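The structure appears below as structure tokens.
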Amino acid sequence: MDAMTLLHERGSMGKLTGPAPSAEQLDALYRAALRAPDHKELRPWRFVEFSGAGLERLGELFAEAEFHEDPHIDDAALNAARKKPLRAPMIIAVIARVMPDEPKVPRVEQVLSAGCAAHGLLLAAHAQGLGVMWRTGRYAFDPTVRKGLGLDEQDELVGFIYLGQLGGRHRSLPEHDPADFVERWS
Ligand SMILES: Cc1cc2nc3c(=O)[nH]c(=O)nc-3n(C[C@H](O)[C@H](O)[C@H](O)COP(=O)(O)O)c2cc1C
């Protein structure tokens, strides 16, 4: 796939099946993520990769988050939370590891850089024919989940990148006209 086709046609896939990406595919994914634009080369990124029993541990963390939110929650809702990560054979949590004492690189820039790293993962997954979807949901902002994944107060959980084989067809590409979004000063 040539680069412009990839940029113009990238899409998400919510239906994901196994197997998880191979070690070689993952290496290519992370190399793409690590090419994110990065002011002052802070490398404000951290990735946590979940597969197999790791997905179940993440599900337990989601259930714990629900329980903290509502100690009277019923078992069905707890089980639904547990199952959320099992929608893919692999998830990569992308974390902005923010360095607070960088006067020239404000927090927002470091978080944006981590967002670009996440986009790098998406593009590299699509380029390799994998299915991929960026999700946050409420768990990305939940204190129990943040603590469980070892985030510091200034860090941001930019997203959970769900990865696997394509379990369906990509939806048809939406038609967007650049003119609707671009203002030109010339
Ligand atoms: C930061 C971020 C968080 C997102 N979180 C969710 C989510 O929790 N659930 C969801 O269905 N889509 C979420 N999305 C949107 C999907 O990843 C996807 O981009 C959207 O469905 C449009 O599909 P497309 O990527 O094929 O254009 C999120 C996107 C971004 C950028």
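With a Förster radius of 25 Å applied to the C-beta separation of residue 102 and residue 48, the computed FRET efficiency comes to 0.65.
When N is the residue count of region 30-111, what does its C-alpha Rg come to as a fraction of 2.2 N^0.38 Å?
Values: Rg = 16.9 Å, N = 82, 2.2 N^0.38 = 11.7 Å.
Region 30-111 yields a ratio of 1.44.
Rounded, prolate or oblate: which fits region 94-186, taking a ≥ b ≥ c as square roots of the Cα gyration tensor eigenvalues, rounded meaning a/c under 1.5, else prolate when a/b beats b/c? Judged from the Cα gyration tensor, region 94-186 comes out oblate (a/c at least 1.5, b/c at or above a/b). Stretching residue 23 away from residue 8 to a fully extended chain increases their span by 2.7 nm, per 0.36 nm per residue minus the current alpha-carbon distance.
Under the definition of Cα pairs under 8 Å and six or more residues apart, what whole-number percent is the relative contact order of the chain? Numbers along the way, then the final one.
Working: 311 pairs, mean separation 65.0, N = 186.
Reported as a whole number, the value is 35 percent.
Backbone geometry of region 28-40 corresponds, through the Karplus equation with coefficients 6.51, -1.76 and 1.60 at θ = phi - 60°, to 3J(HN,Hα) couplings of 5, 4, 5, 4, 5, 4, 6, 8, 4, x, 8, 4, 6 Hz, x marking Gly and Pro. Per-residue ellipticity at 222 nm computed for the chain from its helices equals -12000 deg cm²/dmol, with DSSP H segments shorter than 4 residues left out and the rest contributing -39,500 (n - 2.57).
Model label sites at residue 75 and residue 172, defined 7 Å from Cα along the beta-carbon direction, differ in position by 4.6 nm. When the chain is treated as a Gaussian network with alpha carbon springs shorter than 10 Å, the biggest mean-square fluctuation among 39, 176, 72 belongs to 176.
Note on the chain: Lys pairs 8 or more places apart or on different chains, Cα atoms under 22 Å apart, count 5.
Since only 170, 120, 159 are under comparison, the one whose Cα sits farthest along the positive direction of the charge dipole of the chain, derived from C-beta charges on Lys, Arg, Asp and Glu, is 170. In terms of its C-alpha gyration tensor, the chain comes out oblate, because a/c is 1.5 or above while a/b does not outweigh b/c.
Within the listed set 94, 105, 145, the residue fluctuating most in the Gaussian network model of the chain (springs between alpha-carbon atoms under 10 angstrom) is 105.
Residue by residue, region 120-131 carries 3J(HN,Hα) couplings of x, 4, 4, 5, 5, 5, 4, 4, 9, x, 8, x Hz when phi is fed to the Karplus relation 6.51 cos²θ - 1.76 cosθ + 1.60 (θ = phi - 60°); x denotes Gly or Pro. Across region 99-107, rounded Karplus estimates of 3J(HN,Hα) from the backbone phi angles (6.51 cos²θ - 1.76 cosθ + 1.60, θ = phi - 60°) give 8, x, 9, 9, x, 8, 10, x, 3 Hz, Gly and Pro being marked x. Of 102, 66, 49, which has the largest mean-square fluctuation in a 10 Å C-alpha GNM of the chain? Greatest mean-square fluctuation among the candidates belongs to 102.
Throughout, read-outs are computed from the coordinates displayed, never taken from laboratory work. The shown structure was predicted, so the numbers you read here are calculated from the model rather than taken from an experiment. No Cβ is skipped: glycine too gets one built from the backbone with ideal geometry, and neighbour counts run over all protein chains shown.
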